[in-house]
Amino acid sequence: MNTIYRRSNSRGVIWMMLVFTGALFLCSGVYAGVPGMVNYQGRLEQHGAALTTVSPVTMTFKIFVEESDTGGSPIWIESQDVEVAEGMFSVKLGAVNPLDMSLFEDSSREYWLELSIDGETLSPRQRLTSVPFAFNAETLDGYTAAELDQSAHTERTDNPHNVTASQIGAATMADLTWGNLQNIPAEIADGDQTGITTETDPTVLDSVKDGVSWNEISDKPAGFADGIDNDSGGDIKGVSAGTGLTGGGSSGDVTLGIILPLDLTTSTASATEAVIKGSNNGNGYGVYGWSGSNYGVYGYSSSLFGIFGYSNDNAGVGGINGSAGNEGHLGTQNEGVYGKGMLSDSSGVKGEHAETGNTGVLGTNYSGVSGYGKGSANGVYGGNENGNYAYLGGAMYSVYSSAHDSSSFAGYFLGKTTVSGGSFELINSTGENWLSFLRGTNQNAGFAFKEEGAAATQWIFPYFRGWQSDNLIIRDETATPRRDVMTFKAGTGQVGIGTVPETLLHVSAGTSGDAVLLLEADTDNSNEDDQPAVEFRQDGGQVTATVGFSDSTNVLQIKATNGIYIDSGSGAISRSAHTGYYSVSPAAFVKREAGGSYGNYGHAIQNFSADTAFFNAPVNLPQGAQVVKVTCFYFDFNSDEDAFFKLERLAFRPPTASHMAVFRSDDDQRETVVDTIDDAIIDNSSNQYYLSLQLPSDIDFYGAVIEYTTMRIN
């Protein structure tokens, strides 16, 4: 190649390279024998002379499908450190990153090589063209692809190119059918022997060309020489005993016997086959066995039934023990398994696990079902596909049952149920415990507590009397006459003692006797501050009343938030809440600090100073009064600042101030009302009270009114 690459590097050096070799364009399709590397040589010059001072240099080679000197993505890239001698270098492209022949499959595209030396890209790119070796890759030893096509060999029989059957797609055995054969003689073209009358093979005897007759067969046995087929006459030459048999002989009368015990072993292919099979179309047994001390019939199968029986009307398999009379049936009309034990210690059906020793018994003298589990195993277990299950005789619980959801029941009892000698507990991991009693129409449902051996009259029997109402009733069966002790009225939340309630709590002694409600405290007389009392609440506890002894004097007291009224029959004493108002005028306010410009006109206070002024006024409310509301009057001309009003309580010792109410002015408003009061009860014995005013300029203050309530005896 004579293409010249030139590029000035950052040091002002001009690379000049004369390319002498390099060049490969690989044809698509045939890769066999084509190497994965390409020789590439060139010479580096500087100002027309060979470059002698640079060695080695880093050369980066890239192959593009675009001719443009810039842009595009290379389809192959490789970098090598190349030795340069007198400007000459030689590399093998693909020595680091082998050239994949599939890169050049598309022969319709042009491929261009780009070279960079020490990071400097030379231009223009060089087009890759074919070399003689690549031209040869388009043929195979001079033969073109068309000449090697399978159809080119259909008429050649000498196989000049040693083509194997697998290379040309030889026919398989499945292809060698009568219909695929060609050049078949007309006599046999139809696939049968009809019409074949001429035999030309010289090795075939004339006597058999037209077929072989019986007479043409030689050395026939004497018994068959006459050509007559008959089965009469003659003697059996010998009888041999087969499997499980004894006897036999080669002449005369012979006898066969059965070897006992008879042991027959085989492998049957079908599930319907059997080693021994007996069929009886009458009333007897299909198979019958008897033993004095072991099994009457014994069978073993590795995959199906050891013994299988079938009967239209009776049991498929039946067995009886002669000495005990115990009887067992398999596959009856009503039961899959039926067993009957005849002795007191025998059972109908019993099963035992050989490894664990767990046993299960049906139909014993003591129970219909019995189970015994060892270790952590359960005695009896039962479950349903919906998730309900229960077991008897567990390691922790004698009886355990579980319902899979809230619509199912863990237990259901119909009739009387007794818990004796222990406790009855309800345990539910979800936090809700329910004991449900279902009753029939006009029936009662409930539970009874009874001492073992006691008479029925000693029961305490609570129940639902659904036939009268849906109330829950606790009845005392020991009383004479028996009577309802407590009634919970359905749907109302009302509770009655001795009666059906008409209020939330209704106590009645009935038709005779006193109705006494006893509240008792401090039964050991050790703390006189423990007092019995009845408390009444309303409005979420805002209004209360208490009837009970005082804390230490044991004097009956009646306390109420809004008043007390006592009617003795001969007169009335009432104590009720009365509302009062305490007015605090501007004249009562005193400026807290000296100085500043303000005016106190008795009916109004004005602050003429730019600084906020602070004022206080005393508040004298009656002992025990309850502050209900505070209202402040003002006129606010100041859109930037607000006035603050506070009702303060100051304890005497220690002198600690706290806010009872805090409120502020609002632009263009005339008054502010606060009805949320902290520690609203006035205690003049421990505290003093005052109003605090924080007044900026351009706000006129006209005073305040405190609303309170006190208790008075009427």
### Query
Within segment 500-548, how many residues are under 57 Å from the mean Cα position of the chain (by Cα) and under 22 Å from ALA577 (Cα atoms)?
13
### Query
Can you tell me which residues in segment 110-132 are at pLDDT 85 or above and among the β-branched types (Val, Ile, Thr)?
ILE117, THR121
### Task
Identify the residue in segment 484-536 that is small (Gly, Ala, Ser) and touching a Lys or Arg at 6+ places or on another chain (Cβ under 9 Å) and, among all such residues, is least open to solvent (accessible area, probe 1.4 Å).
GLY496
### Message
One residue is enough: does segment 610-624 have a residue meeting the conditions modelled with pLDDT under 95, more than 21 Å from ILE706 (Cβ to Cβ), out of contact with any Leu (no Cβ under 6 Å at 6 or more places or on another chain) and open to solvent by 80 Å² or more (accessible area, probe 1.4 Å)?
### Response
yes
### Task
Tell me, yes or no, whether segment 267-275 has at least one residue that is β-branched (Val, Ile, Thr) and open to solvent by 100 Å² or more (accessible area, probe 1.4 Å).
yes
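Counting only residues that are part of a loop (DSSP other than H, G, I, E, B), closer than 17 Å to GLU327 by Cα and at pLDDT 75 or above, which one in segment 341-363 is nearest to the chain's Cα centre (by Cα)? Spell out the reasoning first.
Kept after step one, since they are part of a loop (DSSP other than H, G, I, E, B), are these residues of segment 341-363: 341-348, 353-358, 363.
Subsequent filtering for residues that are closer than 17 Å to GLU327 by Cα retains 341-348, 363.
In the following step, the residues that additionally are at pLDDT 75 or above were identified as 341-343, 346-347.
Details: GLY341: 49, MET342: 53, LEU343: 53, SER346: 49, SER347: 46 Å.
Among residues in segment 341-363 that are part of a loop (DSSP other than H, G, I, E, B), closer than 17 Å to GLU327 by Cα and at pLDDT 75 or above, the one nearest to the chain's Cα centre (by Cα) is SER347.
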### Query
Within the set of pairs 6 or more residues apart or between chains, which connect a residue that is of a type in the set (Asp, Glu) inside segment 80-91 to a residue that is assigned to a strand (DSSP E or B) with Cβ atoms less than 9 Å apart?
ASP81/VAL57; ASP81/THR58; ASP81/MET59; GLU83/VAL57; GLU83/PHE89; GLU83/SER90; GLU86/ARG43; GLU86/ALA50
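Per-residue answers, yes or no, for (1) within 21 Å of GLY580 (Cβ to Cβ); (2) acidic (Asp, Glu); (3) in contact with a His (Cβ under 9 Å, 6 or more places away or on another chain):
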| site | (1), (2), (3) |
| --- | --- |
| ASN600 | no, no, no |
| SER609 | no, no, no |
| GLN626 | yes, no, no |
| CYS632 | yes, no, no |
| ASP636 | no, yes, no |
| ALA643 | no, no, no |
| THR676 | yes, no, no |
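How about segment 86-109: which of its residues are modelled with pLDDT of 85 or more and either open to solvent by less than 50 Å² (accessible area, probe 1.4 Å) or out of contact with any Phe, Trp or Tyr (no Cβ under 8 Å at 6 or more places or on another chain) (or both)?
If we filter segment 86-109 for residues that are modelled with pLDDT of 85 or more, which is where we start, we get 88-99.
Correct list: MET88, PHE89, VAL91, LEU93, GLY94, ALA95, VAL96, PRO98, LEU99.
Those residues that are part of a loop (DSSP other than H, G, I, E, B) and without any contact (Cβ under 8 Å) to a residue 60 or more places away in the chain, I need them from segment 58-79; list them, please. Before the answer, list the steps.
First, the residues of segment 58-79 that are part of a loop (DSSP other than H, G, I, E, B): 65-75.
Once the filter is applied, which keeps residues that are part of a loop (DSSP other than H, G, I, E, B) and without any contact (Cβ under 8 Å) to a residue 60 or more places away in the chain, segment 58-79 yields VAL65, GLU66, SER68, ASP69, THR70, GLY71, GLY72, SER73, PRO74, ILE75.
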### Message
Which of the numbered conditions does GLY363 fail, given that it passes all the others? Conditions: (1) out of contact with any strand residue (DSSP E or B) (no Cβ under 8 Å at 6 or more places or on another chain); (2) on the phi > 0 side of the Ramachandran plot.
### Response
(1)
### Message
Take the conditions aromatic (Phe, Trp, Tyr), out of contact with any helix residue (DSSP H, G or I) (no Cβ under 9 Å at 6 or more places or on another chain), open to solvent by 30 Å² or more (accessible area, probe 1.4 Å) and farther than 23 Å from HIS603 by Cα and apply them to PHE652. Does it pass?
### Response
yes
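The values are calculated or read from the model by the stated rules, or taken from the named source; none is laboratory data. All of these numbers come straight from a predicted model, not from anything done at the bench. So basically every Cβ, Gly included, is an ideal-geometry build from the backbone, and we count neighbours across all protein chains shown. Heads up: the accessible areas ignore ligands, DNA and RNA and are worked out on the full protein's heavy atoms, side chains in. Shrake-Rupley method; radii C 1.70, N 1.55, O 1.52, S 1.80 Å.
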